[in-house]
1. Condition (residue is of a type outside the set (Phe, Trp, Tyr), part of a helix (DSSP H, G or I), in contact with a Phe, Trp or Tyr (Cβ under 7 Å, 6 or more places away or on another chain) and on the phi < 0 side of the Ramachandran plot) applied to the range 9-31: is it met by at least one residue?
2. Can you pull out every residue in the range 69-120 that is closer than 30 Å to ALA137 by Cβ, in a strand (DSSP E or B) and open to solvent by 90 Å² or more (accessible area, probe 1.4 Å)?
3. Does the range 67-80 contain at least one residue that is farther than 30 Å from LEU153 by Cα and out of contact with any helix residue (DSSP H, G or I) (no Cβ under 7 Å at 6 or more places or on another chain)?
4. Kindly indicate whether THR55 is among the hydroxyl-bearing types (Ser, Thr, Tyr), open to solvent by 50 Å² or more (accessible area, probe 1.4 Å) and under 30 Å from CYS19 (Cβ atoms).
5. If SER190 satisfies every condition in (1) outside any loop (DSSP other than H, G, I, E, B); (2) at pLDDT 75 or above but one, which is the exception?
6. Could you list, in sequence order, the residues of the range 14-31 that are loosely packed, with under 13 Cβ neighbours inside 10 Å and at pLDDT 85 or above?
7. Find all pairs meeting these conditions: Cβ atoms under 6 angstrom apart; at least six residues apart or on different chains; first residue within the range 61-72 and over 19 Å from CYS8 (Cα atoms); second residue modelled with pLDDT under 85 and of a type in the set (D, E, K, R).
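The values are calculated or read from the model by the stated rules, or taken from the named source; none is laboratory data. All of these numbers come straight from a predicted model, not from anything done at the bench. Note: ideal-geometry Cβ built from the backbone for every residue, glycine included; neighbour counts use all protein chains shown. Note: accessible area is taken over every heavy atom of the protein model, side chains too, but ligands, DNA and RNA are not part of it. Shrake-Rupley method; radii C 1.70, N 1.55, O 1.52, S 1.80 Å.
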Amino acid sequence: MGGFKRFCMVVFAVAGIVCLAALALPWYGPVGHEATAMLTIDWYYIAVEVTIAITLVGLLVVLIRALVTPKVDSIIIDNLEGGQITVSRDAIASQASHIVEADGTCQADDVEVRAKKKGDIRVKVRVLPYSTVDVTAKASELHDALTTGLAALCADKLKSVSLEFLEPQTPTDVPDPYATPTADAEVEASETPSFAADPTGDITVPLHDERTE
């Protein structure tokens, strides 16, 4: 949702609440007489009229969108002689879920497919990792896989693929490859037996004779 659309919805909601409160209080509530007296004040009366107008405009917009905006269950991918090639939104969502869950590390919590009958297709996937993952690397991997896999269904109609990562089911620590080793790690590494390779390519393991101790 864009910023302007969100702003309009907030204004519409606030205006509707204020409008209903101003019109209902004179008949209902403990301050009926006071609310009725407020309607005789010019600025208050004008403010109520403004909120009524905003509410009316918002309701008309909602009604027009509900009547005019078609529900798209299938998208036309290509036109052939005497027919069309279409793909359903459910098929696209199912394919996206299959791609996300292919390696067994993540689950597709929700798949949203937005499209017009003959327009662009935009897919948004909410990814639920089973455990903590490197989001940057995993997002790039999944985005490439989804773009390639969904292109087989949507052809050139696929315009965008968005990913939203949720909190993993079982959070675990992910090692930072750029982190400097700590003192404990250096001590542990120094205490680990070293394995030396002889010229023949075999690995020799140092042995300790307990009889000499």
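1. Among the residues of the range 9-31, not one is of a type outside the set (Phe, Trp, Tyr), part of a helix (DSSP H, G or I), in contact with a Phe, Trp or Tyr (Cβ under 7 Å, 6 or more places away or on another chain) and on the phi < 0 side of the Ramachandran plot, which makes the answer no.
2. Across the range 69-120, the qualifying residue is only ARG114.
3. no
4. For THR55, the condition - among the hydroxyl-bearing types (Ser, Thr, Tyr), open to solvent by 50 Å² or more (accessible area, probe 1.4 Å) and under 30 Å from CYS19 (Cβ atoms) - is not met.
5. Exception for SER190: condition (2).
6. Of all residues in the range 14-31, those loosely packed, with under 13 Cβ neighbours inside 10 Å come to 17, 24, 27-31.
Correct list: ILE17, ALA24.
7. Listed pairs, sorted by first residue: VAL72/LYS117.
Residue-by-condition table, conditions (1) over 16 Å from the mean Cα position of the chain (by Cα); (2) free of Cβ contacts under 8 Å to residues at least 24 places away in the same chain:
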site: ASP78; (1), (2): yes, no
site: ARG89; (1), (2): yes, no
site: LYS124; (1), (2): no, no
site: PRO129; (1), (2): no, no
site: THR148; (1), (2): yes, yes
